[in-house]
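Asker: Provided herewith is a single structure, encoded as structure tokens, for subsequent inquiry.
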Amino acid sequence: MKTIRQPSELVAAGRPVAVAIGVFDGVHLGHRAVIGRMIATARQRAGLGVVVTFDRHPNAVVAPDRTPPALQSLAQRLRVFAELGADATWCICFDAAFSRHTGEQFVRDLVQGFGGVTAVCVGSGFQFGHRRQGNVALLERLGAELGFVTEAVEPLRVDGQVVSSTLVRELIGRGHSRRPGGCSDVPTPWRVKSSAAPSSGVSSAFRRPIWT
């Protein structure tokens, strides 16, 4: 897998490009569903599958006091993306200047940078851009104009709970001895079984990321 810092570094050679966008901290089963959909779409079209992620959590720039503890390092996330079959990862430097990009600007820059995109895969609740104004509806509107389809993947549930990075952090914090939600590179076994509702402890402050 190739790691790029600008879309122009990807040599698509005329092949269609499908992307999956997100922070993907922990690369848990929900994240894998989004990335897997993107890779399947790319393969169906004999194209390239690209993960679009960030070098840090957006809150580290826009709301430092609400930055959740990372489940993985960037190097760990990149390794898992490669294992899942991504052809490339665009690792965006999330700085103050980038945080001011609107959702529409981000999507237009992405499509232009790759020389065209055929599919954008995200979680169904995905929000992005300055003041979180971007969402699936915006992607669908821009896709109709710019020539890509939007694939919104519904949340994955394990034992009745939606798998999310926040839930994984809460379960790890409560000392569960099984790997939560299929989270990669967390030093616990493969999956969690819990009937307890997520705690209302400190990690609840991190449930609503600001940019994406």
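Asker: Could you go through segment 150-164 in sequence order and give the Karplus-derived ³J(HN,Hα) for each residue, using 6.51 cos²θ - 1.76 cosθ + 1.60 with θ = phi - 60°, rounded to whole Hz, and x for Gly and Pro?
Answerer: So the J values, rounded to whole Hz, are 9, 10, 9, 8, 5, x, 9, 10, 10, 6, x, 10, 5, 6, 8.
Asker: Same structure, new question: Can you run phi through the Karplus equation (6.51, -1.76, 1.60; θ = phi - 60°) for segment 109-122 and list ³J(HN,Hα) in whole Hz, with x for Gly and Pro?
Answerer: 5, 4, 5, 5, x, 8, x, x, 10, 9, 8, 10, 10, 8
Asker: Continuing with the same structure: Would you list Met38, Met1 from fewest to most Cβ contacts within 10 Å? Display every interim value, and only then the final one.
Answerer: Details: Met38 27, Met1 16.
Ordered by Cβ neighbours within 10 Å, fewest first: Met1, Met38.
Asker: Related question: How much length is gained on full extension from Asp55 to Ala40, taking 0.36 nm per residue of separation minus their Cα-Cα distance?
Answerer: 2.9 nm
Asker: Enumerate the amide H contacts of Leu48 below 5 Å, restricted to partners 5 or more residues apart or on another chain; note that Pro and chain-start residues carry no placed amide H.
Answerer: Val17, Ala18
Asker: Take Ser164, Ser73, Ser99 and order them by how many other Cβ atoms sit within 10 Å, fewest up front.
Answerer: With the sparsest Cβ surroundings first, the list reads Ser73, Ser99, Ser164.
Asker: Rounded, prolate or oblate, given the Cα gyration tensor of segment 1-122, with a/c below 1.5 counting as rounded?
Answerer: Verdict is oblate for segment 1-122.
Asker: Another question about this same structure. Amide H of Thr3: which non-local residues (sequence gap of 5 or more, or other chain) have their own amide H closer than 5 Å, using H built in the peptide plane?
Answerer: Correct list: Thr89.
Asker: Return the long-range amide H neighbours of Ile21 (sequence gap of 5 or more, or a different chain), with a cut-off of under 5 Å between placed amide H atoms.
Answerer: Residues meeting the criterion, in which the H sits 1.01 Å from N, are Val52, Cys121.
Asker: Continuing with this model, one more query. Could you run the Karplus curve 6.51 cos²θ - 1.76 cosθ + 1.60 with θ = phi - 60° over segment 79-87 and give me ³J(HN,Hα) per residue in whole Hz, x for Gly and Pro?
Answerer: In residue order, the calculated couplings are 5, 5, 4, 5, 4, 6, x, 5, 7 Hz.
Asker: With the Cα gyration tensor of segment 48-105 in hand, give its eigenvalues times 5 under a square root as the equivalent ellipsoid semi-axes, listed largest first in whole angstrom.
Answerer: 23, 16, 7
Asker: Could you tell me how far the Cα centroid of segment 1-48 sits from the Cα centroid of segment 70-149, in Å?
Answerer: The distance from the Cα centre of segment 70-149 to that of segment 1-48 comes to 10 Å.
Laboratory data are not the source of any read-out in this text; all were calculated from the coordinates shown. Quantities reported herein were computed from a predicted structural model and do not represent experimental measurements. Quick reminder, even Gly has a Cβ in these numbers, built from the backbone with ideal geometry, and neighbours come from all protein chains shown.
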